[in-house]
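These notes are about the structure you will find just below.
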Amino acid sequence: MKILIGVTGGIAAYKSLELVRLFIKAQHEVQVVMTDGAKEFIQPLSFQALSGKPVRDGVFNTEQEAGMGHIELARWADLIVIAPATAETIAKLRMGRADNLLTTICLATNKPIMLAPAMNSVMWKNEATIENIEVLTQREMIVLQPASGEQACGEVGEGRMLEAQAIFDLAIEFLIDHTELKKYWQGKKLLITAGPTFEDIDPVRFIANKSSGKMGFAIAEVAASVGAEVTLITGPVSLNTPLKVIRKNVHTATQMFEEIKKQYLDADYFISAAAVADYRVDNPQKHKIKKMAKQENLTIELVKTPDIVAWVASKKQQHNLKVIGFAAETQQLLEYAKQKLVNKNLDMICANLVGEGKGFEQQQNQLTLISQSAIKELNLSSKKQQAFEILNYIAKEKI
Ligand code: PMT
């Protein structure tokens with residue numbers, strides 16, 4: 001693998017020499033990029049001797065930066081590890097600054113970025129740093145928790161950079177998960193639903209729910225990025241179609257069901273993340289319902305919609321198809337989710353606590369994955385990270 005190690009200006013920079021050595025020993029290719037601050041602590045020559053490549057450091061150095069060097073490096077790396085990541089570099093990344101080669105590469109890349117923060121404990125606990133880390137985490141950067149203990153400045157507390165071996169182990173774990181994921185999902189066909197359904201009352205009114213589609217779209221995006229062939233059937237949402245994903249727009253639960261009936265025979269996996277209406281209006285009016293001067297109440301008759309995921313699951317044996325559902329609950333999450341797993345005959349269910357600002361519409365989510373034989377509670381993280389974890393779990397547990 002190609003590892004770009006960014007070294008910024010902190011005393012912990014000396015530990016990055018060991019980090020480079022560990023990657024090289026494990027037969028990875030390493031390119032070190034240093035900031036000016038880093039060079040105050042360590043000589044570039046030390047990194048060159050260990051990595052076998054001259055350190056890169058200048059955006060405007062024409063000799064080093066053959067024209068568009070930052071773009072070339074941004075594309076070259078499989079993983080970027082910034083160790084140490086100072087408070088200043090973290091703030092710059094949050095702002096999207098591009099004032100040195102390293103920050104420019106980070107802005108120009110779509111490769112995973114891992115940060116090993118190192119700073120004084122008061123700086124680490126400063127609200128500005130906390131906010132910066134939160135934003136970077138939401139943008140999918142992997143921020144490693146620094147260690148606690150005695151610091152170079154004499155303070156005792158959190159903020160010490162992790163030891164090189166720990167950073168190396170976490171980076172390798174991350175890379176393995178990603179390559180394993182690719183191996184498993186390459187060429188597999190996924191049918192995914194997302195978003196709400198809109199059930200018309202009349203031509204201008206409808207019954208809907210708060211689903212934004214973000215969860216289902218995140219699964220589609222990650223699945224496509226690890227090589228799966230993805231068809232995404234979505235209710236009305238305002239999200240862009242992820243790269244390499246085939247998208248079908250539907251409006252109602254009935255339309256979603258019709259589209260699924262056309263597509264499911266082709267799929268290896270069906271993942272039902274859509275918040276499908278359980279009931280639709282029995283008899284939607286052709287014209288706008290008028291407000292009656294003397295009528296205080298209006299009754300709308302609702303009828304059950306087909307349970308799409310249960311219907312697909314009833315066909316799975318004949319077609320060698322795996323079916324994964326979601327359970328959005330405001331109470332007794334695990335109990336209700338397990339009931340749905342059994343009643344709908346699913347292979348796995350993602351239990352999702354919703355309401356009071358959780359689940360629906362949010363950037364982040366916290367799912368519990370329940371299969372027939374195991375259960376795994378995920379930590380709160382971005383919907384994209386949850387999507388990674390779902391696909392990883394399916395691959396590892398052979399669901
Ligand atoms: O879209 P976001 O804003 O990102 O929010 C994400 C989410 C909260 C919508 C998502 O994570 C989620 O939990 N989706 C399932 C919502 C839901 O309808 O849950 P449910 O417990 O009511 O349904 C159980 C399962 O049956 C679901 O897989 C659902 O897709 C499916 N279902 C439900 C009704 C129906 N008629 N047909 C179905 O297939």
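The values are calculated or read from the model by the stated rules, or taken from the named source; none is laboratory data. Here the structure is a predicted model, which means the values were calculated and not measured. As a convention, Cβ positions derive from the backbone with ideal geometry for all residues, glycine included, and neighbour counts pool all protein chains shown. These accessible areas exclude ligands, DNA and RNA; they are computed on the full protein's heavy atoms, side chains included. Shrake-Rupley method; radii C 1.70, N 1.55, O 1.52, S 1.80 Å.
How about the stretch 233-254: which of its residues are more than 12 Å from the ligand (Cβ to nearest atom) and of a type outside the set (D, E, K, R)? Within the stretch 233-254, ASN240, THR241, PRO242, LEU243, VAL245, ILE246, ASN249, VAL250, HIS251 meet the criteria. For the stretch 293-306, residues that are within 14 Å of the ligand (Cβ to nearest atom) and either open to solvent by 70 Å² or more (accessible area, probe 1.4 Å) or out of contact with any Asp or Glu (no Cβ under 8 Å at 6 or more places or on another chain) (or both) total 3. Residues in the stretch 367-392 that are within 10 Å of the ligand (Cβ to nearest atom) and not in a helix (DSSP H, G or I): LEU367 alone.
For the stretch 239-291, filtering for residues that are over 30 Å from GLU301 (Cα atoms), in contact with a helix residue (DSSP H, G or I) (Cβ under 6 Å, 6 or more places away or on another chain) and among the hydroxyl-bearing types (Ser, Thr, Tyr) leaves 1. Counted as qualifying within the stretch 182-292 are no strands (runs of 3 or more DSSP E), as none has 3 or more residues that are within 16 Å of the chain's Cα centre (by Cα) and within 14 Å of VAL309 (Cα to Cα).
When only residues in the stretch 362-393 that are of a type in the set (D, E, K, R) and open to solvent by 30 Å² or more (accessible area, probe 1.4 Å) count, which is modelled with the lowest pLDDT? If you could, list the steps in order and put the result at the bottom.
Step one: of the stretch 362-393, the residues of a type in the set (D, E, K, R) are 376-377, 383-384, 389.
With the extra rule that they be open to solvent by 30 Å² or more (accessible area, probe 1.4 Å), the set shrinks to 376-377, 384, 389.
Working: LYS376: 95, GLU377: 95, LYS384: 86, GLU389: 91.
The selected residue is LYS384.
Report yes if THR89 is open to solvent by less than 40 Å² (accessible area, probe 1.4 Å) and over 25 Å from VAL20 (Cβ atoms), otherwise no. Before you say what the answer is, go through the steps one by one.
Working: open to solvent by less than 40 Å² (accessible area, probe 1.4 Å): yes; over 25 Å from VAL20 (Cβ atoms): no.
The answer is no for THR89.
Among the criteria (1) open to solvent by 60 Å² or more (accessible area, probe 1.4 Å); (2) out of contact with any Asp or Glu (no Cβ under 8 Å at 6 or more places or on another chain), the one GLY359 does not fulfil is (1).
With respect to the conditions (1) within 25 Å of ASN379 (Cα to Cα); (2) open to solvent by 30 Å² or more (accessible area, probe 1.4 Å), ARG75 falls short on a single one, namely (1).
Mind telling me which of the residues GLY9, GLY58, GLY96 ends up being of a type outside the set (A, V, I, L, M), closer than 21 Å to ALA147 by Cα and open to solvent by 10 Å² or more (accessible area, probe 1.4 Å)?
Numbers: GLY58 fails: closer than 21 Å to ALA147 by Cα; GLY96 fails: closer than 21 Å to ALA147 by Cα.
Among GLY9, GLY58, GLY96, only GLY9 is of a type outside the set (A, V, I, L, M), closer than 21 Å to ALA147 by Cα and open to solvent by 10 Å² or more (accessible area, probe 1.4 Å).
Quick one: is ASN352 farther than 20 Å from ALA267 by Cα, in contact with a Gly (Cβ under 9 Å, 6 or more places away or on another chain), open to solvent by less than 50 Å² (accessible area, probe 1.4 Å) and at pLDDT 95 or above? It is true that ASN352 is farther than 20 Å from ALA267 by Cα, in contact with a Gly (Cβ under 9 Å, 6 or more places away or on another chain), open to solvent by less than 50 Å² (accessible area, probe 1.4 Å) and at pLDDT 95 or above. Among the residues examined, ASN132 qualifies as polar (S, T, N, Q) and surrounded by 14 or more Cβ atoms within 10 Å (Cβ to Cβ). Scanning the stretch 309-359 for residues that are part of a loop (DSSP other than H, G, I, E, B), within 8 Å of the ligand (Cβ to nearest atom) and of a type in the set (Gly, Ala, Ser) yields a count of 1.
Condition check ((1) in a strand (DSSP E or B); (2) within 24 Å of LEU380 (Cα to Cα); (3) free of Cβ contacts under 8 Å to residues at least 60 places away in the same chain) across all residues:
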{"residue": "LYS92", "(1), (2), (3)": "no, no, yes"}
{"residue": "ILE130", "(1), (2), (3)": "no, yes, yes"}
{"residue": "VAL135", "(1), (2), (3)": "no, yes, yes"}
{"residue": "CYS153", "(1), (2), (3)": "no, no, yes"}
{"residue": "GLU158", "(1), (2), (3)": "yes, yes, yes"}
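Scanning the stretch 209-230 for residues that are touching a strand residue (DSSP E or B) at 6+ places or on another chain (Cβ under 7 Å), among the polar types (S, T, N, Q) and crowded, with 21+ Cβ neighbours inside 10 Å yields a count of 1.
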